[in-house]
Structure formats: structure tokens, C-alpha cells
Amino acid sequence: MEEPLIGAFRSSEARIPREAHCCSEALPGPHKASLPSHDSKDQTTASPANTLPIEDWLKEEPVHERRVALPPPQQPAPTAINVWSLLKDMVGKGELSRVATPVQFLEPLSELQQRCEDMEFCELLDQAAAVERCSLERLLLVTAFAVSAYSGVKRTCKPFNALLGETYELACPEKGFRFISEKVQHEPTTINRVLAEGRGWTFELEDELHTRFTGTAVELAPIVLLQVTFSDGDTYRWGKATTSINNVIMGRINLEHKGSWRLQGVHSGLTACMKFHASTMLSSKSKLHEVSGVVEKDGVAMKGVKLQGKWDRELHADLPDGSSRLLWGVNPPAADPSRYCMTPWVLRLNELTPQLAGRLPATDTRLRPDVRCLELGIYDQAAVHHKRMEQAQVARLASADSAVPHQPRWFERVPGPGKIGEEYIFRYRGGYWETRAAGAFVEMTLPELT
């Protein structure tokens, strides 16, 4: 007889093998709950209309009390694996994101949850929504928000690859926003799609992450389009820098962001031109993690406007009147950051709060047994589930009709060729929060989790 895993948090009855029961004992909840079937015929099931605007949702959504630490591990940390034995055949080749990664190198988050790290300082978007449309002030605040997204990305463990059709939500009324993400494509490249809504703004992200091993470092080079649109129609777009995890074979592992990117005001003619400065062997500690930038108006640098700071600490703006202003500063570190060196914001991303009981679709990352077991420190079962789920996804994709592309549940492909990083390939279909409010997630399933 099978036993339930974190069943109280699913929106209907769902079962997994008996071997997963070890992860359920530490999870609360008295009610049975369930996940949209990813058969193509089920993807056209109508969702409730988009009738729950953010303002009304904020009045109804209960505030969640968030944890400040991960649960204590139930097993000793696993024995280290020789990194070179895993990566030696990948030097200068291929796409590392498709390499099966042992759980020893993973952290208890999926890549969909990692995308939500960008939202830690969303109050900067609240401030930007309150100032004049197309103004320098708004551009500076959006730029600070874009830089702040890097501040927590100092960890060197890899997140779990999302399964095709996997979703993740974060309902965060205490910060005034809601977040939904979905892995919308696996072949020929993997694409994740994000939509977040706040007071007077909408944030979108679509990315295709490319990862390679150089022989001494792992480089993450995303092809990504990020966009904020304010309720007055003012829109800002930008990309991301390259991330390098250095000394993965020998020496002390460290992470840095490097390269240039531009944040463009689509309607204002204003552009922030930002640069993340790469460190060298001769760089002093005071020069590490530096970021700087200038602002252009219609392609010409504005006099007296400069941006400078450190991507893991703060960002200042020098203004035309000769003054200097702190745009953003990092939050204090966690008292117990765990063995994964998580910030207080990241610690909450995989939490199953009591308010979520019976409200999640079973496609939600929080219900993955491999991620849950790793968070609980049940390392052997995390490895078992991770291998089983990866093999199940390979089998599902191999049996799918190659002539019929996967149809995401909450996003839909935009007609036309499109080019990732320049225009959105997928757009929000609508209805997630309305379906959640109606308790209508019962038909949703993800085969790898059943």
C-alpha cells in the first residue's frame, strides 16, 4: 500500500511510492490535498478568468509567518565527491545544465525558486511606481532593483533543474507581491518563465541558461530578458551579467559576476549602462565585487550622473546637483544560514507554511521529494528520488510525440519566430491565482511526482 508525501499541501489526493514516506514525517498538515495533467488534451482546460487583481488579492491573502532557519539535518553530511571525476570530460564542451548532478553538489531549491531571489528588494519597485513616469528617479530605482538581484547569489551549490511543467508560486502579501514561474520548454533548449505582480508594477523574466566548464571554472551565461512595466505604461528592460564559479577543482571556490549590461527605459530614452568588474589575482579586497555605471539620454551620457557600489553590498548614485545618494543596501545576514549559506530571504523560498495546506498545485517545487529530502538532511533518500525523477522525465520526453510541442499550463507561446533575450517567446496565459482561489488545481499532475 502506498503512503502520502506532504499530501496536506496538494490540492487533491496524490500518491508516491512508500520509499518517500521518510520525508513526510517532518511536515505538518492534517488534510489531504493534489497536481494540471500534462497530457496535451488537458492543457486546454479553461481556467477562471483573470478577475483577481493584485489589490483585491492582497486584501484576502493571509500573511505568512516565515521561518528563519532550515530544519536540522537528519543525517551526517554526505562524503565529498571528486569534482574532477565529474567534470573532466566536459572541458570546453556541451551544456552542463544537462549533466546529471549528484545531490552533494545541489542545494534544496529548484531553478524556479532561484528566479524568485530577484524579488527580495521589490520595495524598490514600489518606490519607483510612486515617482514620475519616465523620470531619472524611476530609472535609478529600477537599476538598483536589477543590481540587488545579485546580492544573494554568492552560493556555489547548484539548484535542482526544474522538470518540464514544474511550477513555483510565492504568495507574499507582507511585501505586497505574488510570483508564479513555470518551466515551459525542455527541448531544444530549456526555458523558464516568470511573472510577478506588485502594487503598480509587473515584473517578467524569461531565460535560457547556458553553462560550461572551462577547466578551472563553471560559467553561467544566461540569455535572458527581464522587464518591469508600471501601471502608467512605463516599461524597463535589461539582461544579466555572466556568473563564474572559480577554482572548482583546486583552491578556494569563489563566485563573481562579470560583464556589461544595459537597462533601457523603453519610453523615456534613458538607459543605465552597467558594468560588473572582474577581479584579478592582484585585486585588493576593497576592489572585489565592484559595479559601476553611467546613465545615457538618447545615447548621450548625462553629465554628473554616475552609479557605483558593490553587487553584494550597496549601490550609490552621484547626481547632477553634486549630491550622492544610497539607492539600495543589502539586508543583514541570517543568524543560521545553514550549510548552504542562505540569506533570510532564500531560507523562506522552499518553506511549506500552514497557510499553503490544500492550496498548491502538485506541480509546485515544494512538493518535490528530492528537494524536500535534501532540505531535511535525508541525503540518501534525496539521491534515490533525484535519480528516479530524472529517469522518469527522460522516459516521458522520449515517449512524447515530437511533432506536438509541450503546452505549458500557465504560459503560452507567442506567435511568430521570436528570439530569446530580445522578445518574449512565452506570455502569461492567465488564471493561476483565480484557479488557486477556487481550489481548482485538482486535475493537475506531474508524472515524475506521482
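The values are calculated or read from the model by the stated rules, or taken from the named source; none is laboratory data. Because the structure is predicted, anything quoted here is derived from the model rather than measured. Positions of Cβ are backbone-derived with ideal geometry, glycine not excepted, and every protein chain shown enters the neighbour counts.
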Practice problem: Select, from Leu349, Leu326, Leu315, the only residue that is loosely packed, with under 15 Cβ neighbours inside 10 Å and modelled with pLDDT of 95 or more. | Solution: Leu326
Quiz prompt | Top-ranked residue of the stretch 135-173 - restricted to ones that are farther than 27 Å from His316 by Cα and of a type in the set (Asp, Glu), ranked as farthest from the chain's Cα centre (by Cα) | solution = Glu166
Quiz item: Do any strands (runs of 3 or more DSSP E) lying entirely in the stretch 291-403 carry at least 1 residues that are in contact with an Asp or Glu (Cβ under 6 Å, 6 or more places away or on another chain) and farther than 30 Å from Glu166 by Cα, and which ones are they?
Solution: 300-310, 324-329
Practice problem: Any residue in the stretch 148-177 that's more than 29 Å from Lys387 (Cβ to Cβ): show its pairings with residues that are part of a strand (DSSP E or B) and among the hydroxyl-bearing types (Ser, Thr, Tyr) at Cβ separation under 9 Å, as long as the two are six or more apart or on different chains. | Solution: Tyr150/Thr243
Quiz item: Which pairs have Cβ atoms under 9 Å, sit 6 or more apart or on different chains, and link a residue in the stretch 338-364 that is more than 27 Å from Thr435 (Cβ to Cβ) to one that is in a loop (DSSP other than H, G, I, E, B) and polar (S, T, N, Q)?
Solution: Cys341/Thr156; Thr343/Ser151; Thr343/Asn331; Pro344/Asn331; Leu347/Ser338
Practice problem: Scan the stretch 42-57 and report the pairs whose first residue is surrounded by 14 or more Cβ atoms within 10 Å (Cβ to Cβ) and whose second residue is modelled with pLDDT of 90 or more and among the hydroxyl-bearing types (Ser, Thr, Tyr), with Cβ atoms within less than 7 Å and a gap of 6+ or a chain change. | Solution: Ser47/Thr435; Pro48/Thr435
Exercise. Quickly run through the stretch 421-449 and pick out the residues that are under 29 Å from Glu61 (Cα atoms) and in a loop (DSSP other than H, G, I, E, B).
Key: Arg429, Gly430, Gly431, Ala438, Gly439, Ala440, Phe441, Val442, Glu443, Met444, Thr445, Leu446
Quiz item: With (1) assigned to a loop (DSSP other than H, G, I, E, B); (2) modelled with pLDDT under 95 as the list, and Lys41 as the residue in question, which single condition is left unmet?
Solution: (1)
Quiz item: Which of the residues spanning the stretch 199-227 are crowded, with 21+ Cβ neighbours inside 10 Å, of a type in the set (D, E, K, R) and more than 25 Å from Val184 (Cβ to Cβ)?
Solution: none
Quiz item: Which of the residues spanning the stretch 248-269 are of a type outside the set (Ser, Thr, Tyr) and part of a loop (DSSP other than H, G, I, E, B)?
Solution: Val248, Ile249, Met250, Gly251, Arg252, Ile253, Val266, His267, Gly269
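Within the stretch 358-375, can one find any residue that is modelled with pLDDT under 90 and of a type in the set (Asp, Glu)? Before you say what the answer is, go through the steps one by one.
Initially, the stretch 358-375 is screened for residues modelled with pLDDT under 90, giving 358.
The next check asks that each one be of a type in the set (Asp, Glu); those that pass are none.
No.
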Exercise. Check whether at least one residue in the stretch 279-297 is closer than 30 Å to Pro72 by Cβ, at pLDDT below 95 and either among the polar types (S, T, N, Q) or surrounded by 17 or more Cβ atoms within 10 Å (Cβ to Cβ) (or both), and report yes or no.
Key: no
Self-check item: the stretch 216-275: number of residues that are modelled with pLDDT under 90 and among the small types (Gly, Ala, Ser)
Solution: 4
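In the stretch 352-365, how many are surrounded by fewer than 24 Cβ atoms within 10 Å (Cβ to Cβ) and not polar (S, T, N, Q)?
Looking only at that region, the number is 6.
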Exercise. Report, by residue number, each residue of the stretch 228-247 that is surrounded by fewer than 21 Cβ atoms within 10 Å (Cβ to Cβ) and in a loop (DSSP other than H, G, I, E, B).
Key: Ser231, Asp232, Gly233, Gly239, Asn247
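Test of understanding: among Leu140, Leu109, Leu125, Leu136, which residue is farther than 21 Å from Pro369 by Cβ, at pLDDT 95 or above and in contact with a Pro (Cβ under 9 Å, 6 or more places away or on another chain)?
Details: Leu140 fails: in contact with a Pro (Cβ under 9 Å, 6 or more places away or on another chain); Leu109 fails: farther than 21 Å from Pro369 by Cβ; Leu125 fails: in contact with a Pro (Cβ under 9 Å, 6 or more places away or on another chain).
When all the criteria are applied, what remains is Leu136.
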Quiz item: So Glu422 fits all but one of (1) within 21 Å of the chain's Cα centre (by Cα); (2) of a type outside the set (Gly, Ala, Ser); (3) crowded, with 17+ Cβ neighbours inside 10 Å; what number is the exception?
Solution: (3)
Quiz item: Limited to the stretch 404-420, what total is found for residues that are under 15 Å from Pro188 (Cα atoms), in a loop (DSSP other than H, G, I, E, B) and not β-branched (Val, Ile, Thr)?
Solution: 6
Quiz item: Checking Ala272 against (1) in a loop (DSSP other than H, G, I, E, B); (2) within 28 Å of the chain's Cα centre (by Cα), which test does it fail?
Solution: (1)
